[in-house]
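Reviewing the structure listed below.
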Amino acid sequence: MEKGTLMELAYQCILRKIIEERLAPGTPLRENHLAEEFNLSPTPVREAFRRLENEGWLQSLPYKGCTLRQYTLKELEEMFLLREALEGAAVKCAVQRATQRDLRKLEDVLKKERAFIDVRREKNPEPALESPTSIDILFHDALVDAAHAPHLKQRSSMLQAQISYVIFLNARTPTTPDDLESVYEEHCMVFFAIRRGWKDIAEELIQRHIHSGWNKYLHSLKQGEDNRASSRTVSRKA
């Protein structure tokens, strides 16, 4: 296997491990251990580390090696702003370039989202934690695919993965079927605007949708802080 292909394999394996195992910020990643785990030589793993560090996943510390990076609130806000810009550009491209196949794919994702909400409402109407690989990500992936812009897709996908990972670790709050319904309706509005060729409206809708996600994240952080403060108060009284 060629050198570049091995590095890409190492990169994908490490990134999947970070996301699927929900490794916390500050977790050390050992080059030799990962090389052994993935049955690779240390060289492609080392090169994958450099790429992950450049992308913001890892940080290299003296005497500690590579660890998972902790994002500040300001950095995460910048990531949301960048995602607004990227997906805003994506929907404008999608209005001009989306094929009938792209539109059917988006419509199929919306049907799956609708079915998921209906099942959830019937079987589990109470607030519950959702998977980080939710139907929401499928919609955004299909949306960016419809833009037919490879460089934009690469950057957007990386950013979405980082945001989803950080949110899943730091601000997981239960959602209700009504919460999911609200997201679904926003997705439908974006899709309708793309299908009708309303470029500027589609851009505004997707940016508003992403900004709403940022506000929900801030709300969940505050809610988490309030819950922890309440727990400490109860403990002191006990």
- Calc'd 3J(HN,Hα), the stretch 103-120, phi into Karplus 6.51 cos²θ - 1.76 cosθ + 1.60 (θ = phi - 60°), Hz, glycine/Pro = x, comes to 5, 5, 5, 4, 5, 5, 5, 5, 5, 5, 5, 4, 5, 4, 5, 4, 5, 4
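Pairs of Cα atoms under 8 Å, at least six residues apart: use those to get the relative contact order of the chain, whole percent. Show your work: numbers first, answer last.
Numbers: 230 pairs, mean separation 53.5, N = 238.
Computed value for the chain: 22 percent relative contact order.
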- Message: Relative contact order for the stretch 1-57: what percent, with Cα pairs under 8 Å and sequence separation of 6 or more?
- Response: 49
- Would you list which aspartates and glutamates come within 13 Å of LYS64, measuring only between C-alpha atoms, while excluding same-chain residues fewer than 8 positions from it? GLU31
- Cβ-based charge dipole, the chain, positive-most Cα from ILE210, PHE116, LEU29: LEU29
- Taking N as the residue count of the stretch 3-68, its alpha carbon Rg divided by 2.2 N^0.38 Å gives 1.00
- Can you give the calculated 222 nm mean residue ellipticity of the chain, where each DSSP H run of n ≥ 4 adds -39,500 (n - 2.57) and the sum is split over every residue, rounded to the nearest 500 deg cm²/dmol? -25500 deg cm²/dmol
- Message: As a test of the definition: which semi-axes, in Å, follow for the stretch 85-203 when you take the square root of five times each eigenvalue of its alpha carbon gyration tensor? Largest first, please.
- Response: 26, 18, 11
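Could you pull out the pairs from LYS17/LYS92; LYS17/LYS112; LYS123/LYS199; LYS74/LYS111; LYS17/LYS111; LYS199/LYS222 whose alpha carbons sit more than 32 Å apart here?
In this structure, LYS17/LYS92; LYS123/LYS199; LYS74/LYS111; LYS199/LYS222 exceed 32 Å between Cα atoms.
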- Item | Alpha-carbon centroid distance for the pair the stretch 8-56 / the stretch 58-107, whole angstrom | 20
- Lys, Arg +1 and Asp, Glu -1 on Cβ, resulting dipole of the stretch 73-234 about Cα centre, debye, nearest 20: 340
- Message: How large is the translational diffusion coefficient of the chain in µm² per second when you combine the Kirkwood radius over alpha carbon pairs with Stokes-Einstein at 20 °C and 1.002 mPa s?
- Response: 108
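Read-outs throughout are calculated quantities, based only on the coordinates presented, and are distinct from any laboratory measurement. None of these values were measured; they are calculated from a predicted model. Cβ coordinates were reconstructed from backbone atoms using ideal geometry, including for glycine residues, and neighbour counts include every protein chain displayed.
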